1. List, in the order given, every pair from A:Lys295/B:Lys92; A:Lys27/A:Lys338; A:Lys27/A:Lys455; A:Lys463/B:Lys92 whose Cα-Cα distance in the structure shown is over 31 Å.
2. Whenever you get a sec, compute what percent of the accessible area on the protein assembly as shown sits on carbon and sulfur atoms (1.4 Å probe).
3. Counting Lys and Arg as +1 and Asp and Glu as -1, what is the net charge of the other residues whose Cβ lies under 13 Å from the Cβ of A:Arg269?
4. When you have a sec, figure out the Kirkwood radius of segment A:299-467 from all distinct Cα pair distances and drop it here in Å to one decimal?
5. Select from B:Ile22, B:Ile51, B:Ile74 the residue whose mean-square fluctuation is largest in a Gaussian network model of chain B (Cα-Cα springs shorter than 10 Å).
6. How far is helix B:31-42 tilted, in degrees, relative to the longest principal axis of the Cα atoms in chain B, given as a value from 0 to 90 rounded to the nearest 10?
7. Determine the shielding of peptide A:65-74 by partner chains: average, over its residues, the number of Cβ atoms on other chains within 10 angstrom of each Cβ.
8. Say we join alpha carbon atoms closer than 10 Å with springs in a Gaussian network model of chain B; which of B:Ile46, B:Ile59, B:Ile77 then has the biggest fluctuation?
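The values are calculated or read from the model by the stated rules, or taken from the named source; none is laboratory data. Nothing here was measured: the structure is a model prediction, and the numbers come from that model. All Cβ positions, even for glycine, are placed from backbone atoms using ideal geometry, and neighbour counts span all protein chains on display. To get the accessible areas, we keep the full protein, side chains included, count just its heavy atoms, and leave off ligands, DNA and RNA. Shrake-Rupley method; radii C 1.70, N 1.55, O 1.52, S 1.80 Å.
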Amino acid sequence: MIELTFTEVIIALAYLAAGILFIVGLKGLTSPRTARKGNRMAAVGMLVAIVATIVFLVAVEELSSTTAWAIIAAGIVVGGAIGAFLALRVQMVDMPQLVAAFNGFGGGASALVASAVVVGTDALLPTEIGVTTALSLAIGAVTLTGSMIAYAKLQGLIGGKPVAIPGGPATNAVIAGLMLIVAVFAVVTNSPAAYWGATALALVLGVTAVLPIGGADMPVVISLLNSFSGLAAAMAGFTIENQALIIGGALVGAAGMILTLDMSVAMNRSIANILFSGFGGTVASDEEIGTKPVKRATAEDAAIALSYAQNVMVVPGYGLAVAQAQHAVKELATALEKRGVNVEYAIHPVAGRMPGHMNVLLAEADVPYDKLLDLDQSNPKFGHTDVVLVIGANDVINPVAHTDENSPIYGMPVLDVEDAATVIVVKRSLSPGFAGIDNPLFYQDGTMMFFSDAKKALEDTVKAVNEL
Amino acid sequence: MSQEFIQGVVVFVLASFVGFEIIRRVPPTLHTPLMSGANAISGITIVGAIIAAATGSGIAAGVLGFLAVVFAMINVIGGFLVTDRMLEMFKKVPGKSR
């Protein structure tokens, strides 16, 4: 039994306190009432861990050189300033790309910590430490470049459409396989060059793995990268034998993994399918879509239907987020509520550009969160809903998910808007959604198609409601 | 295999379970703030970055340590701040709230 020194006991207890604050903080994030406090508790946990680490390093005389102090202080100031600038400046609609970028920085930091171990030790790392070092480097590096590509796609720097890489998924498999071989070689031979080789391959893999993934799949990608940033931190924790990193990293790894699974269920696809293949839906021909008759609606038609309804359910989709129409929809809801109409919102899990994004956008527009219903809450309500207003959504309201076994979205949980008396669909055109399949809902008797940009449609409808 | 390592494995597995159990109950409404908040927590790697910067010797280790601290700090400060900004906007129906 090795006796710990007093300082070692203190630092262990400080990390325990930080871990508890993280857990209590995450628990707080499970309810809108306690979420803000929870986030702050987690932040306090982080502060405790940082201060304890610095105090410990000083106490054991590991942190004494001016250079080391200068590096740490400069890093904290520079990183903190960049982080604060990005966080305070971001528009809510751009939240997905910011979270993607932060994931990347987190993963990159963990890979750098592991790099410092590789650079700093000449001695042979024990096998298990070699393994966690390689994992931290690889996962961290994939997270870094994968997040940067996700950021570029979401920010519109490169097209959101899937970009085919030469060789397709096989190329990724080859890179991943090579990376694994080089990493094993690194662990066995303790060769820094091999560690760097594996890291370089991981950096490439992050790019080639995310490039072929389409914009609409980004909710899953961001969740997965979030999980990876946690795992990379936990692996770095094993390498430097630090419990705080292991606890924090494991919590985030688990949280991200749950969200990833949630998202892939909501999109009716396995994670492997999202990551390793372009979407293989049967695309309806334009001809077929163009010829069927639909009932068209104008802003006046929509205004009349909505104003004389008792219960209205708004179904916001990707199109609303893109058009930044969250304030316009709130304006319409306010106008309708003045007339005694009850307005609620049914939000599909993958409605925005990341999990829960739509809720944030609507919260930004001052929509109270208890009006935002999830899939399970809203589906039983459509039967008693007079008018459903669908804004820029398609696949998530497609009834073939229930009826057509051959459809690529068969079995996907969808909002059953066809149960409502009237459905008004605001959409730019009849073009099929992301899955590339036609939507029979559009041709049903109770459905009116309002062809317009989401924001303009809502603004025109508000005007029409006020003129009634 | 060192005692520290196997203790680490125990902690890792237990913490993962706690993470799974807590997050399973997060309502979809909070998924985005949850993710950015969790993201900030993954910035715990700042602790490793500080240790690396303090204990590393030589220019390469110094540069790696500095970059690690910068990256992790962006993650920590940015993540917690932006989560707070988002959560500030979540409000109940007026009158229904107490």
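1. Numbers: A:Lys295/B:Lys92 37 Å; A:Lys27/A:Lys338 37 Å; A:Lys27/A:Lys455 36 Å; A:Lys463/B:Lys92 27 Å.
A:Lys295/B:Lys92; A:Lys27/A:Lys338; A:Lys27/A:Lys455, as the Cα separations exceed 31 Å there.
2. Values: 14500 of 22640 Å².
Here it works out to 64 percent.
3. On the way: positive: none; negative: A:Asp217, A:Asp262, A:Asp395.
It works out to a net charge of -3.
4. Details: mean 1/r = 0.0642 Å⁻¹.
Across segment A:299-467, the inverse of the average 1/r is 15.6 Å.
5. B:Ile22
6. With rounding to tens, the tilt is 20 degrees.
7. Details: counts 2, 0, 4, 8, 2, 3, 15, 9, 2, 4.
Mean shielding by partner chains, rounded to a whole number: 5.
8. Its mean-square fluctuation being the largest, the pick is B:Ile59.
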